[in-house]
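Chemist: One structure coming up, written as structure tokens, with questions to follow.
The values are calculated or read from the model by the stated rules, or taken from the named source; none is laboratory data. Just so we're clear, the structure is a prediction, and the values are computed from it rather than from any experiment. Every residue, glycine among them, receives a Cβ derived from its backbone with ideal geometry; neighbour counts consider all protein chains shown. Just the protein is used for accessible areas: all its heavy atoms, side chains included, with ligands, DNA and RNA removed. Shrake-Rupley method; radii C 1.70, N 1.55, O 1.52, S 1.80 Å.
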Amino acid sequence: WPRDLDVFCSAGWLSETSEQFRDAVLSRCIVREYKRNDSVYRTGDDAGGLFGLVSGGVAVEVTPEDRDPYLGLFARPGFWIGEYTLITRRPRVIGLRATLDSILAHLPLAQWDNIVAMDPVAWRWLAMLPLRNEMKLFAIADALLVPRAPARVAAMLLVLASAEQHMAPSAEIVVEIGHEEIARITNLSRSSVGRILDDFAQRGLIAYKYRRLRIISLSGLQAARSSL
């Protein structure tokens, strides 16, 4: 497979599966490129297999019955989604949109069927994916319950960065996201988010340029998250 797909060997769901299964998936993937704001797929689209983020950024597009579509979960390279259609063979219940110029790996539905026909244990590995994504949603819900705005923004940045407890406190992580998206997912105004990010930058916790946020101090954000 293309060397770009090596990211899946060290990050995300696929990195936690067996080498045999990982090879089977990656050798069948099609590499696709998307421009910022391109739709990868939309709510209601036919079942179409898995997508994994190689580089760039994507966000889940939710379409409530009584509101316009909005972007929810933002993802980093290594992220996979689309397992619902593999299991149910029903149309997509959410959409996926590129938030940056991005490269994705696409495992078509027919290729997945080929994998499980050869190795039924593949279903066990797939079962890990919705559990992993569900835990991410729980983390987002937990961050939204933080009452103080600065602590809530810190909590959400840690979720977006997928910061794990085993990561070094000095690790630097880049999150490709704008003020407007942070405001939406933290349920705050854009101006409030701007002031909070400016404060975090002055304290040396982050560095921020247009749609590019670099987390300088995980431990500092964790302390801000804990200051309820």
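Chemist: How would you classify the stretch 175-228 from its alpha-carbon gyration tensor, with a ≥ b ≥ c the square roots of the eigenvalues: rounded for a/c under 1.5, else prolate if a/b is greater than b/c, otherwise oblate?
Modeler: Taking the square roots of the gyration eigenvalues as a ≥ b ≥ c, the stretch 175-228 is oblate.
Chemist: Give the shape of the stretch 75-140 as rounded, prolate or oblate, defined through the alpha-carbon gyration tensor: a ≥ b ≥ c are the square roots of its eigenvalues, a/c under 1.5 means rounded, and otherwise the shape is prolate if a/b is larger than b/c and oblate if not.
Modeler: prolate
Chemist: What is the sum of charges, Lys and Arg at +1 and Asp and Glu at -1, for the other residues whose Cβ falls under 12 Å from the Cβ of P77?
Modeler: Surrounding charge for P77 is -2.
Chemist: Could you tell me which label, among (1) 1.00; (2) 1.04; (3) 1.10, carries the value of Cα Rg over 2.2 N^0.38 Å calculated for this structure?
Modeler: Among (1) 1.00; (2) 1.04; (3) 1.10, the one derived from this structure is (2).
Chemist: Arranged from highest to lowest average of other beta-carbon atoms within 10 Å per residue, in what order do the peptides 51-59, 31-39 appear?
Modeler: 51-59, 31-39
Chemist: Keeping all protein chains in place, calculate the accessible area per residue for the chain (probe 1.4 angstrom), answer in Å².
Modeler: Per-residue accessible area for the chain comes out at 51 Å².
Chemist: In whole percent, how big is the carbon plus sulfur part of the accessible area of the chain, probe 1.4 Å, protein atoms only?
Modeler: Roughly 51 percent of what the probe reaches on the chain is carbon or sulfur.
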